[in-house]
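Here the structure is laid out as structure tokens; the discussion comes afterwards.
The values are calculated or read from the model by the stated rules, or taken from the named source; none is laboratory data. On a predicted model such as this, the values are computed, not experimentally measured, just so you know. For neighbour counting, all protein chains shown are included, and Cβ atoms are generated from backbone atoms with ideal geometry for every residue, glycine included.
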């Protein structure tokens, strides 16, 4: 009986020892489980914040890019353009909900989540390995925006369960690059989403256009981006007289480019009538017009040129159509050579230029059409060789 009692007591002692070990193990596992939960929850919060930061960088880069695609590029006022684009990036980032639960330290001012805005150039945006270069300001075509939600900027991402282990905040970073290509357009392709391109059926000699950009001084008309209106006065952008063409623009007499042709072309049908020209001035060539070229009005990739037939339709009947597009962005064609005359004239098109019509007179004896350069954003524009256009390109878009 005594042995049995001793054995029973020994068994109870072992049982209590095992229970004690289980309690210790359970306590350790609970701590480990809490740590895992903290890691999972806070990692999820950081993942969400990282996505929000990337969205913020994307929005800021696009906003800055659209700001760059403005008339300050025409004025060659890069300092003002860069400053305005940087402000726009910061303003846009401030409107984005990076992390609604960010709580800066009381009494310490928060900085913008935008840590850096860089302006540079990408020669091949499709090559994600290409580093951003920093050429002269006018050659820049890319805005890179970096976003940082970090303790150093007093914009950290707050943590929750990790505070148990002394980790109260963490940081996330993101960057995005937007490109504004307005010198690489080699043609136009009309689609269902973009039913008309911005091209008007007018041509200007390439050399005269380049001379005008280098030394144009006549600045008698002003365009307001706020009211979209044109008025007399200076706005820092000179004007070019497209019609009548000067003698340097071609071989014609009395202001013409060739005898019987003053600088209009047929886009599409070689026998376009006046209503076709009016329509193309107002709305731009349509899919039916471009169907004559296989759906794309484009410079040849080998020669860099395109031949278009001349039209004799520069007449007073254009007055109403021109009046409808005063101040609106449009694209004109640049040519390097012209041959024959009248309806038989052929122009060798070698590029495109963005303009707006600011004034015209098609009814008096001294007819003229006056334009000034402007940035034209055209969803039908096709990018290609650098230097094939002036101030014409596709919409600003993200490339990084």
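Just the residues that are within 14 Å of residue 196 (Cβ to Cβ), touching a residue at least 60 places away in the same chain (Cβ under 8 Å) and assigned to a loop (DSSP other than H, G, I, E, B), please, taken from segment 262-284. Answer for segment 262-284, where residues must be within 14 Å of residue 196 (Cβ to Cβ), touching a residue at least 60 places away in the same chain (Cβ under 8 Å) and assigned to a loop (DSSP other than H, G, I, E, B): 267, 284.
Can you name the residue in segment 334-348 that is closer than 15 Å to residue 202 by Cα and modelled with pLDDT under 90 and, of all such residues, is surrounded by the fewest Cβ atoms within 10 Å (Cβ to Cβ)? Explain how you work it out, then say what you get.
Of the residues in segment 334-348, the ones closer than 15 Å to residue 202 by Cα are 334-338, 342-343, 345-348.
Adding the requirement that they be modelled with pLDDT under 90 leaves 338, 342-343, 345.
Working: 338: 21, 342: 13, 343: 15, 345: 28.
So, considering only residues that are closer than 15 Å to residue 202 by Cα and modelled with pLDDT under 90, the one surrounded by the fewest Cβ atoms within 10 Å (Cβ to Cβ) is 342.
Taking every residue in segment 225-243 that is outside the structural domain of residue 322 (by TED's automatic domain parsing) and under 20 Å from residue 331 (Cα atoms) and pairing it with any residue that is modelled with pLDDT of 90 or more and part of a strand (DSSP E or B), at least 6 positions away or on another chain, yields no pair with a Cβ-Cβ distance below 8 Å.
Screening segment 253-273 for residues that are closer than 19 Å to residue 368 by Cβ and at pLDDT 80 or above and picking the one that is surrounded by the most Cβ atoms within 10 Å (Cβ to Cβ) gives 263. Please work out if residue 133 is under 22 Å from residue 77 (Cβ atoms), loosely packed, with under 14 Cβ neighbours inside 10 Å and either in the same structural domain as residue 81 (by TED's automatic domain parsing) or at pLDDT 85 or above (or both). Yes.
Every test in (1) touching a strand residue (DSSP E or B) at 6+ places or on another chain (Cβ under 9 Å); (2) at pLDDT below 90 is passed by residue 382 save one, and that test is (2). Of the residues making up segment 198-244, those that are over 23 Å from the mean Cα position of the chain (by Cα), closer than 21 Å to residue 70 by Cβ and crowded, with 18+ Cβ neighbours inside 10 Å number 8. Among residues of segment 37-53 being touching a helix residue (DSSP H, G or I) at 6+ places or on another chain (Cβ under 8 Å) and crowded, with 16+ Cβ neighbours inside 10 Å, the one that is modelled with the highest pLDDT is 42. Is it the case that residue 372 is surrounded by fewer than 19 Cβ atoms within 10 Å (Cβ to Cβ), within 17 Å of residue 243 (Cα to Cα) and in the same structural domain as residue 283 (by TED's automatic domain parsing)? Taking the combined requirement at face value, the residue does not satisfy it. Of all the numbered requirements in (1) surrounded by fewer than 17 Cβ atoms within 10 Å (Cβ to Cβ); (2) touching a residue at least 12 places away in the same chain (Cβ under 8 Å); (3) not assigned by TED's automatic domain parsing to the domain that holds residue 277, residue 195 misses one, and that requirement is (3).
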